[in-house]
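The values are calculated or read from the model by the stated rules, or taken from the named source; none is laboratory data. Please read these numbers as outputs of a predicted model, since none were measured by experiment. In this analysis, Cβ positions are derived from the backbone assuming ideal geometry, glycine residues included, and neighbour counts consider all displayed protein chains.
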Amino acid sequence: MKKKLAATVALIGALLVGSVQAFEPFVVKDIRVEGIQRVEAGTIFSYLPVKVGERFSEDKASQAIKSLFATGFFKDVRIEVENDVIIVLVDERPAISQIDFVGTKEFEKDALKKGLKEVGLAESRIFDRALLERAEQELKRQYLAKGLYGVQITTTVTPLERNRVGVNFNVVEGEAAKIRQISIIGNKVFKEKELLELFTLTTPGWMTWYSKSDQYSKQKLSADIEALRSFYLNRGYLDFSIDSTQVSITPDKKDIYITLSITEGEKYTISDVKLAGTMVVPEADLQPLLKLKAGDTFSRDSVTATTKALSDRLGNEGYAFANVNAAPEVDKVKREVAFTFFVDPGRRVYVRKINFAGNARTRDEVLRREMRQMEGAWYDGAAINRSKVRLDRLGYFEDVAIETPAVPGSTDQVDANFTVKERATGNLMLGAGFSSAEKVILSASIAQQNLFGTGNAMTLQMNTGRINRTIALSFTNPYWTVDGVSIGWDVYQRNVDPTSLSVATYKSSSIGAGVRFGYPIAEDDRINFGLAIDQTKIDVFDTSPAPYISFVNNFGDTARSLVATAGWARDRRDSFLYPTSGVYQRASLEVATPVLDLRYVRGSYQHQHWFPFGGGHALMLNGDIGYAHGYDGKELPFYKNFYAGGIGSVRGYQQSTLGPRYIDANNYTRSLGGNRRAVANVEYYFPMPGQGKDKSMRLSLFTDAGYVWGADDKVQASDLRYSAGLAFSWSSPVGPLKFSLGQALKKEDGDRTQKFQFQLGTVF
């Protein structure tokens, strides 16, 4: 007999009124599903509390409908029973086929879709009206955070074939509300103008169209309030408070007025500073770390710096979880405050494992050999930080992050996890050109600073042309030994043949090879030694410059040299690619030994100092001097001269054009270089606006000075050339790129200036 229950009525009644029309339980012979389009039948079966061969009852029927509705996949669910067969009839909700935006200028569409996905509205997901309303509110919230209070959002849902819908957001953004006034009430000690300079929020100005600092943001206002609070607390005003914050907007939603009411209080001084707690480190070693002393004006930053210094010192001794608390004792009558720093070192811990992540190309051993923290040793915060700095200096990574989580189930162990973000370390430069003199010119340079992930460096440079032909190969192994002794070698052949020009000045052919060694003498110091042999053949003509002719007369047309080199370098910068602090020094000496033809000494010294200002801002001071001279009655070969001008020395002047010159037969001024050089640079670096955490691009404002003097010239400060301008540097995937827009500030007769200059890749 056909046993068809009014299951729909009965079970809906169970859900709505809490009762079900009674039916006798039965053993299920089969289960069928009808109405599905996208949802798999197996998904529905998984939510049913009964299987074929099991007994089906009223309670299980009610449970089944509740479970299926809870999935959110269906608008309607019905269950019918026919001859002990359960029939599940469903009406699916439509799926979202596409989401589109019209009129959105303030945000990228992909960013908006990402934000809506977080609230559950995304393409291919089930459409839900409630989620659509939440999505509208989220979208409006994002616009309000940008100060666009007049935004209007209209949502359209369009039915599509195969039970799908398209969701369209039509946005009228309107004009952003501007901050017309920021007022501070209650200040007596400091002027309002001085306090407002602390704020990132401003009233409209000539640059606010770009910075958008005149657009209200709750987050920015909170940051500004904290900056104001820090300003007072760092100047002794311990009782400073912000009594109220009022933000009002005009009825037309175009103008915003911000008013802060403050109480400055009185200035406090430090009466006493003490240490207390468990002194696992001698108190005499901790006392110098105190950044405040009796008689000083109270400063919150000094308290914070002292707490950090004490914690770091304990961390260097293995107490990774040391806790230092500053307890103040305030005397409001005398306007004094005494501090007691309570030291709780906790348990001493050691590092179980050092783990690396993110190094898909670079071998673990390359990273591990830079570690100054050892596995199985006591935790040393300074050693871990030095390890991070050494990884940064390699130049292989855009970012290095450290985590030291506690080992689960252990009270005295941590792991040191280094996560790196690799950057492209290869540099491929290809070039082709055409000139009437040289016809087709091809050039190529291939450099890999991290060859096959081994940390070794190799460079192959080639240039083909009728005038210049070069092939050079270099290799460096920075860890020839486990102690960090490096080895490298260079081989090259260079031919210069300008005879195809209207004036044939000279011809030269050079071939040479050399070997280099480096040895670490301290954590940040290295010395290096090298030995190279070179043979240069030069042909000169009547039209050649006098220094070239003099060189051939003294050494013959073929000059051989055995050159010994020595150098010292100290690198204490925080990063090789993007330094913001630290010092870099380099000294080098090159001597042509008396074994062969040439006799000369060539030395240079560079000192570079970086001063950080936070947020990627930094000031760089650089000085570079050089001196060279022949000995034993021999003169300095002209191709060992120093040059100045262009990127790397004095920008705004053409490359290598400063210093002594001569006029060729074509009445063209050519640079000869000199045996003495001085260059100085002052450069302020700051990140590119809008690049976020990406540090690969930086802008800078610079001032350069420098010059080159010949052997017969008197070194005078009045000879120096000056320039200033704006520069852009980018550590691109194909190599470092530098661009500068410089203005020569001192131009003498014969100087060749060049405002725009660029350098692509690294010249080896």
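Return the residue satisfying two criteria in turn: it lies in the range 113-136 and is more than 20 Å from residue 74 (Cα to Cα) and basic (Lys, Arg), and of such residues it is nearest to the chain's Cα centre (by Cα).
Residue satisfying both the conditions and the ranking: 114.
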Hey, residue 121 more than 14 Å from residue 157 (Cα to Cα) and modelled with pLDDT under 85 or not: no
Members of the range 333-370 found to be without any contact (Cβ under 8 Å) to a residue 40 or more places away in the chain and within 30 Å of residue 271 (Cα to Cα), listed by number: 333, 346
Residue satisfying all of: in the range 491-518; at pLDDT below 70 and aliphatic (A, V, I, L, M); nearest to the chain's Cα centre (by Cα) among these: 501
Residue match in the range 542-565 (condition: surrounded by fewer than 19 Cβ atoms within 10 Å (Cβ to Cβ) and within 30 Å of residue 685 (Cα to Cα)): no
Strands (runs of 3 or more DSSP E) contained in the range 529-643 and holding at least 2 residues out of contact with any Asp or Glu (no Cβ under 7 Å at 6 or more places or on another chain), under 30 Å from residue 398 (Cβ atoms) and not hydrophobic (A, V, I, L, M, F, W, C): 582-592, 600-614, 617-630
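Could you name every one of the strands (runs of 3 or more DSSP E) located completely within the range 653-707 that has at least 1 residues being over 30 Å from residue 545 (Cβ atoms) and either among the aliphatic types (A, V, I, L, M) or at pLDDT 90 or above (or both)? First the steps, then the outcome.
Details: elements: 661-663, 669-671, 676-687.
Where strands (runs of 3 or more DSSP E) fall fully within the range 653-707 and carry at least 1 residues being over 30 Å from residue 545 (Cβ atoms) and either among the aliphatic types (A, V, I, L, M) or at pLDDT 90 or above (or both), they are 676-687.
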Extreme residue, modelled with the lowest pLDDT, among residues of the range 396-411 that are surrounded by 16 or more Cβ atoms within 10 Å (Cβ to Cβ) and part of a loop (DSSP other than H, G, I, E, B): 396
Selected residue [aliphatic (A, V, I, L, M), farther than 30 Å from residue 160 by Cα, surrounded by fewer than 16 Cβ atoms within 10 Å (Cβ to Cβ) and modelled with pLDDT of 80 or more] from 81, 85: 85
Scope the range 248-278; condition of a type in the set (A, V, I, L, M, F, W, C) and modelled with pLDDT of 90 or more; matching residues: 256, 258, 260, 262, 270, 273, 275, 276
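Just a yes or no: is a residue in the range 220-239 hydroxyl-bearing (Ser, Thr, Tyr), crowded, with 17+ Cβ neighbours inside 10 Å and outside the structural domain of residue 73 (by TED's automatic domain parsing)?
The initial filter retains those residues of the range 220-239 that are hydroxyl-bearing (Ser, Thr, Tyr), namely 222, 230, 232, 237.
From what's left, crowded, with 17+ Cβ neighbours inside 10 Å: 232, 237.
Then drop every residue that is not outside the structural domain of residue 73 (by TED's automatic domain parsing), which leaves 232, 237.
Looking through the range 220-239, at least one residue is hydroxyl-bearing (Ser, Thr, Tyr), crowded, with 17+ Cβ neighbours inside 10 Å and outside the structural domain of residue 73 (by TED's automatic domain parsing).
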Flag for residue 307 being closer than 26 Å to residue 404 by Cα and in contact (Cβ under 8 Å) with a residue 12 or more places away in the chain: yes
Filtered residue count, the range 368-387, keeping only those that are surrounded by fewer than 20 Cβ atoms within 10 Å (Cβ to Cβ), within 24 Å of the chain's Cα centre (by Cα) and not in a loop (DSSP other than H, G, I, E, B): 5
Strands (runs of 3 or more DSSP E) (entirely within the range 43-143) containing at least 2 residues that are of a type in the set (Lys, Arg): 74-82
Every pair of residues 6+ apart whose Cβ atoms lie under 9 Å, when the first sits in the range 246-260 and is basic (Lys, Arg) while the second is in a strand (DSSP E or B) and surrounded by 11 or more Cβ atoms within 10 Å (Cβ to Cβ): 254/178; 254/180
Positions within the range 242-260 being under 27 Å from residue 330 (Cα atoms) and either loosely packed, with under 14 Cβ neighbours inside 10 Å or of a type in the set (Phe, Trp, Tyr) (or both), in sequence order: 243, 244
Sole residue being more than 30 Å from residue 268 (Cα to Cα), without any contact (Cβ under 8 Å) to a residue 40 or more places away in the chain and assigned to a loop (DSSP other than H, G, I, E, B), chosen from 154, 158, 202: 202
Some residue of the range 52-74 being β-branched (Val, Ile, Thr) and at pLDDT below 75: no
